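No value in this document is a laboratory result; all are computed from the given coordinates. The structure displayed is predicted, hence computed values, not measured ones. Note that each Cβ is placed from the backbone with ideal geometry, even for glycine, and that neighbours are counted across all protein chains shown.
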Protein chains: 2
Amino acid sequence: MAAESDTVRFALSARAARTGPQPISFLMRQAVENPSLISLAAGLVDYESLPVQPSRRGFERVLDDGRGRHTLQYGTTIGDATLRQRLLEHLANLDGIAPAAFDATADDMVIANGSQQLLFLLTEVLVDPGDIVITAAPSYFVYTGTLQTFGAQVRCVDMDEHGMVPAALEAVLERLEAEGELGRVKIVYVCDYFQNPTGLTLAVERRAELLRIVQRYSTGHRILLIEDAAYRELSYGDDPPPSIKSHDKSNACVALLQTFSKPFAPGLKIGYGLLPRDLVEPVVLQKGNHDFGSANLCQQLALAAMESGDYQRHVEALCRRYRAKRDAMLEALERELGDFEPGNTQWTRPGGGLYVYLTLPERFDAGPHGALFDRAIGEGVLYVPGTYCFGPDPDRVAPSNTMRLSFGVCSIEQIREGIARLARAIRAIDTGQ
Amino acid sequence: MAAESDTVRFALSARAARTGPQPISFLMRQAVENPSLISLAAGLVDYESLPVQPSRRGFERVLDDGRGRHTLQYGTTIGDATLRQRLLEHLANLDGIAPAAFDATADDMVIANGSQQLLFLLTEVLVDPGDIVITAAPSYFVYTGTLQTFGAQVRCVDMDEHGMVPAALEAVLERLEAEGELGRVKIVYVCDYFQNPTGLTLAVERRAELLRIVQRYSTGHRILLIEDAAYRELSYGDDPPPSIKSHDKSNACVALLQTFSKPFAPGLKIGYGLLPRDLVEPVVLQKGNHDFGSANLCQQLALAAMESGDYQRHVEALCRRYRAKRDAMLEALERELGDFEPGNTQWTRPGGGLYVYLTLPERFDAGPHGALFDRAIGEGVLYVPGTYCFGPDPDRVAPSNTMRLSFGVCSIEQIREGIARLARAIRAIDTGQ
């Protein structure tokens, strides 16, 4: 009997059937199979600067002063109330406003298992199969995979060096309205600070404008604008502009998502979102189904780091470190590729974050099955093909001549060597060697 | 414009529309509004025994010996490999067998954000709306809520003092087959050690039998048997029987789920599952969408506690503590209700876990909107109405004369006083006072 049933397969759900392997798995396999590779693909954070001493102090604090048992007990589904209040103040401080200016309270703040879980939960409560989510072109590829699982349609909006182009968003919405599809548009997703994958930031003058466009097309139902600000605090120059959320005066349209993973430590797996008031309950109910609350221990450690000032000090030290890495990557690109068809070979010069986005002349195929990708591995360097970063928009063809280069995890020496290897691969492909 | 869009509502997904408030929210609100209540409803764990010192030692270990940065970095979606190997050995040890006897490896072990997340993920990859999940009557009510979100149909199977009745499971499957519905049956869910809510354990001789029945009805597709063993290690007498999983020799049919929340600390929010091999990839792909991995920090702490022996010592101390609480609750029930229609008033005598299940004479309505519930709150005690624990099976009427009483979080004094208050409420309702 047992043997017989073993040959019968599980019948997977429609959701599971829609879920393919994520590109990151493919890239990680390359890295594992080629251990001498320099990975400019990895989305990990700088290793040396991970906050071991601040975490030790944090644990002393949360385990020693009478909070220890509380820290080890279950928390609530929405997350620790003291932490949520602190995070509201933190967001207001980043925007240079008083917390009350958000017209939001700590009750509108939800803690999650990284900001990715909030992306999942917000999509889960709004998107049915066939619904439409609008993203930038290019956009964060893990979220594109999530949208595929939900059976969402994706429409992409052009970016320029100042981020998503408002007129292009308006044109997409206008066309969807003309096609009678506006009723299916549920979410506009914008990663607006040092975007993954381009490193670009949405310009200050476009922020209220994007919001107004989303509001204007919220006729039959309200469209959610997700502001993914995961990289916001990794800023290496002037302060970045205030959030789109700061323009959402009645806390109705924008979900602002941030995380401890990039500015502090991914190992805590704590993200947070300031959500439109009437989405808090649906999201928390779903989170109740998922896990009824993120690890209380990690929340208390995050809170302790904020209370002690260790968090802010760590962010400042981290920014100095990443700035040097970014500079090293930009210098290496200039050195290695500055003379390579300058008009057609371009890269972004991000003011923060972890990524530089490289565009090659159009004849190059930098995709995962293209010649350059294999040649780069042959030279000993790995990148993220830009094709992964374009949602499956039926109205567009994804360019195949771009790539994401991360300076987060490599040392400065590795960055220099990695870009040199990449340039060798590019030149070799180009000369047919 | 903004003001106008505020009045337009978000259009929630079908999943969100199917998701109601969980009973636990209602119960927590009662507790908050009545702070002097003794809660025999709370599913929290004993507060005083939470492992503060073991956790301090664990943090010293994970942050001090060169593992610190690794601990604070991203982990993998499936979970830490060393921890997964350790947990495989742990499960084998609990079953008194060698790890190889499972015909499973650490690659079949998945770490999650509590075992609840594994319940969610397994359901997500198998269940489409209208599919059927079979549970015991009564069963774990949070999972019932999850099934509602997925649009699953629920069929309930009778239990007796030895757990789910195999002949009753067979009868349900037989009827579904006769009705042409067998193709929709995806999961049989069994909480088989010190069950939530009854405290009862599936008898040793029923374990292989339940598995054989599930296998026999796995004709068109394989039916998954979920063995939720969250309370397994909280055993206060003889060792409980080996897992159902230990009978699943080819690792094809049973997902065995356990957790650190009950035997160690809920604040870590770490659960784990030994899954049929061909479900690992679908589950991990979905987890990639959810959060691409549970908090690495918590995983490392769990591993450190296992490596140092602190885990096992803590479990032993915890069992002594809970045994005394269980005894206090059973003695109080005997004292307060032993003479109250002995034939028609019954309670379980669990060998472990956190719950006693009380059945009153049939004329009592112990439901959340019944007279007894309000009267109990008036007396200052809260319980979980048993009606929450019955899935919406169209073929059955859920009894309303039962309740779950938890001895986990209250002190022995509170348990005695709580049962005394409950008995007063019962007698008062009965005499119409």
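Search the structure for amide H atoms under 5 Å from the amide H of residue B:153, placed 1.01 Å from N in the peptide plane, and list their residues when 5 or more places away or on another chain. Sorted by chain and number, the residues that satisfy this are B:130, B:131, B:132, B:133.
Each part gets one Cα centre, and for the stretch A:122-193 versus the stretch B:260-306 those centres are 32 Å apart. Residue order for A:28, A:109, fewest other beta carbons within 10 angstrom first, comes to A:28, A:109. In terms of its Cα atoms, the stretch B:362-416 spans 42, 23, 16 Å along the principal axes, sorted from long to short. With each label modelled as a point 7 angstrom along the Cα→C-beta vector, the residue B:430-residue A:179 pair spans 6.9 nm. With K and R counted +1 and D and E -1, the other residues having a Cβ less than 15 Å from that of residue B:14 yield a net charge of -1.
Translational diffusion coefficient of the stretch A:1-128 at 25 °C, 0.890 mPa s, Stokes-Einstein with Kirkwood Rh over Cα pairs, in µm²/s as a whole number. Walk me through the numbers on the way to the answer.
On the way: Rh = 20.2 Å.
D, rounded to a whole number, is 122 µm²/s.
Let me have the 222 nm mean residue ellipticity of chain A computed from DSSP H runs of 4+ only, each contributing -39500 (n - 2.57), with the sum over all residues rounded to the nearest 500.
Numbers: 15 runs with 184 residues, N = 433.
After summing the helix terms and dividing by the residues of chain A, the value is -13500 deg cm²/dmol.
Strictly over 27 Å apart at the Cα level, which of A:269/A:325; A:269/B:245; A:186/B:269 would you flag in this model? Don't skip to the end; give the middle numbers.
On the way: A:269/A:325 24 Å; A:269/B:245 31 Å; A:186/B:269 32 Å.
Beyond 27 Å between Cα atoms: A:269/B:245; A:186/B:269.
Here is the P(r) of the stretch B:52-310: all C-alpha pair distances, binned every 10 Å from 0, give 7, 31, 36, 19, 6, 1, 0 in whole percents.
If you wrap the protein assembly as shown's Cα atoms in a convex hull and average its projection over all directions, what's the area in nm²?
Working: hull surface 143.6 nm².
Quarter of the Cα hull surface area: 35.9 nm².
Sequentially through the stretch B:395-404, phi angles give Karplus couplings (6.51, -1.76, 1.60; θ = phi - 60°) of 8, 9, 10, 6, x, 10, 10, 10, 7, 9 Hz, Gly and Pro residues having no value and appearing as x.
Quick one: if the Förster radius is 56 Å, what FRET efficiency do residue B:315 and residue A:363 give, using the C-beta to C-beta distance and rounding to 0.05? Provide the component values of the computation, followed by the final result.
Values: r = 64 Å, r/R0 = 1.14.
Calculated value: 0.30.
When the expected Rg is taken as 2.2 N^0.38 Å, what fraction or multiple of it is the alpha-carbon Rg of chain B?
Values: Rg = 22.1 Å, N = 433, 2.2 N^0.38 = 22.1 Å.
So the Cα radius of gyration is 1.00 times the expected 2.2 N^0.38 Å.
Counted without the sites themselves, the longest stretch of chain B free of GluC sites (Glu not before Pro) in a DSSP loop having at most 13 other beta carbon atoms within 10 Å is B:180-361.
In angstrom, the C-alpha Rg and Dmax of the stretch A:116-262 are 14.2, 44.
A simple charge model with +1 on the Cβ of Lys and Arg, -1 on the Cβ of Asp and Glu and nothing else charged puts the dipole of the stretch A:72-308 at about 340 debye relative to its Cα centre. Rounded to the nearest 20, the size of the Cβ-charge dipole of chain B about its Cα centre is 640 debye, with Lys and Arg at +1 and Asp and Glu at -1. Amide H contacts of residue A:10 (H built 1.01 Å from N, in plane; Pro and chain starts excluded): B:222 sit under 5 Å, all sequence-distant by 5 or more or on other chains.
For the stretch A:1-109, applying the loop criterion from DSSP together with a ceiling of 10 other beta carbons within 10 Å to the chymotrypsin sites (Phe, Trp or Tyr not before Pro) yields no site. Between residue B:324 and residue A:413, the simple spin-label model (points 7 angstrom out along Cα→Cβ) gives 5.9 nm.
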